[in-house]
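FYI, it's all coordinate maths here, none of it is from the lab. From a predicted model like this one, the values you see are computed outputs, not experimental measurements. Because the Cβ atoms are built from the backbone with ideal geometry, glycine has one as well, and the counts that use them run over all protein chains shown.
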Amino acid sequence: MWRSAINWVFPNNDKIPLIEYCLYIPIKLHLSPIVLTLKFGLMHNFALQLRKTLTTTVLQSFMVLLFSALVFSCKKGDPGPTGPAGTAGTAGSAGPAGSNGTNGTNGANGATGPQGPAGTANVIYSNWFTASPWIKDTVFDVYRFNYTKPTADITQKILDSGTVITFGKLAGYNTLIWPTGQVSQMPIVLSYRFSPGGITYTDTWSALATVGNLKIRFVNDQNYYGSIATSHQFRYVIIPGGKKSTVVSVGRGVRTAQGRIIDVATYNATVQDVANNYSRMSYAEICDKLGILP
C-alpha cells in the first residue's frame with residue numbers, strides 16, 4: 001500500500017530509494033529508535049518533492065496568467081482626439097485674365113428732369129481806368145479831346161438789346177465845382193466862371209460805345225484848354241451781359257454794395273429796373289442795386 005501511494009505521487013520512483021527503504025524499515029525493525037529517524041527522513045524528502053512540484057505548478061499558472069494579461073492588454077485602443085488644424089498653405093499664383101465679355105445693349109433714355117431755377121442776369125463792369133493819351137481834333141472850330149478804350153465786353157448784341165452805362169471820376173477841378181472823389185454818370189456837364197460877371201465856360205464829358213470800343217470825349221465850348229490831364233478816371237457797366245469782365249460778373253445770391261443779399265428773382269427785377277431807369281439813378285444807387293463795389 002505504501003509503495004502504491006508513493007508511485008502515485010512520485011511516478012519516477014527509481015529516484016527515491018531512501019523512501020522505499022524507509023517504508024520497509026519500520027516493518028522489519030518494528031518500533032526501534034531508528035524508526036523515528038527513518039520516518040523523519042521520509043517526511044522531509046516527501047515535503048521537498050511536494051514543494052518542488054507545487055512551486056512548478058504555481059510558476060506555470062503565474063506564467064499563464066501573465067501571458068493572458070499581456071495578450072488582452074495589447075488590444076487596439078480607442079481613437080485619440082482630433083489634432084489641431086495645420087497652417088494655411090501659400091496662395092497660388094493668379095490665373096490668366098479672362099477674355100472681355102460682349103457689350104450690353106444701350107439702356108432706354110431717362111425721363112426729362114424738372115425745369116431748373118431761373119438764372120441771373122449777368123452784369124459786367126470794368127475796373128476804373130485813366131484816359132491816356134488824349135487825341136485832339138477840331139470840328140466847326142471846336143476842339144475835341146478823345147480817348148478810345150478797347151474792350152471785348154461791348155458786342156453788337158449789347159448795342160442792340162443791352163445797356164452801357166459809363167461813369168466818370170474827375171480830378172483837378174476846384175472842389176466847389178467838382179468835389180474830390182465824386183462819381184457821376186456820363187455825360188457830365190459842368191459850367192463855371194473864373195471871375196464874377198466873367199465868361200461862362202461849359203465842359204462836357206461824354207461816352208460813345210461802339211463794337212469793341214468805348215470812346216471818352218471832352219469838349220470846352222470856349223476852346224479854353226489846349227490839353228487834358230490824364231488823372232481823370234472812368235469805368236463802364238453793361239446790362240445785361242453774357243461774360244465776365246476784368247473784375248467780376250455778378251451771379252446768384254447777389255450781395256449789394258451795402259451788404260444786402262437779394263435772391264435771383266428780385267435781382268433780375270432790379271437789373272431790369274436799372275436798365276430802364278439808370279439815367280435817373282445816382283452812381284451809388286446803381287452800384288447798390290447791381291451789387292457792384294464802388
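In terms of the mean number of neighbouring beta-carbon atoms within 10 Å, the peptides 215-223, 103-111 order highest first as 215-223, 103-111. A cut-off of 5 Å between modelled amide H atoms, ignoring neighbours fewer than 5 places along the same chain, links K149 with L214, K215, I216.
The protection proxy used here, the mean number of other Cβ atoms lying within 10 Å of each residue, ranks peptides 270-278, 185-193, 80-88, 163-171 as follows, highest first: 163-171, 270-278, 185-193, 80-88. Each residue of segment 174-188 was assigned a 3J(HN,Hα) from its phi angle through the Karplus curve 6.51 cos²θ - 1.76 cosθ + 1.60 (θ = phi - 60°); the sequence is 4, 5, 6, 8, 9, x, 4, x, 5, 10, 9, 6, 8, x, 10 Hz, with glycine and proline shown as x.
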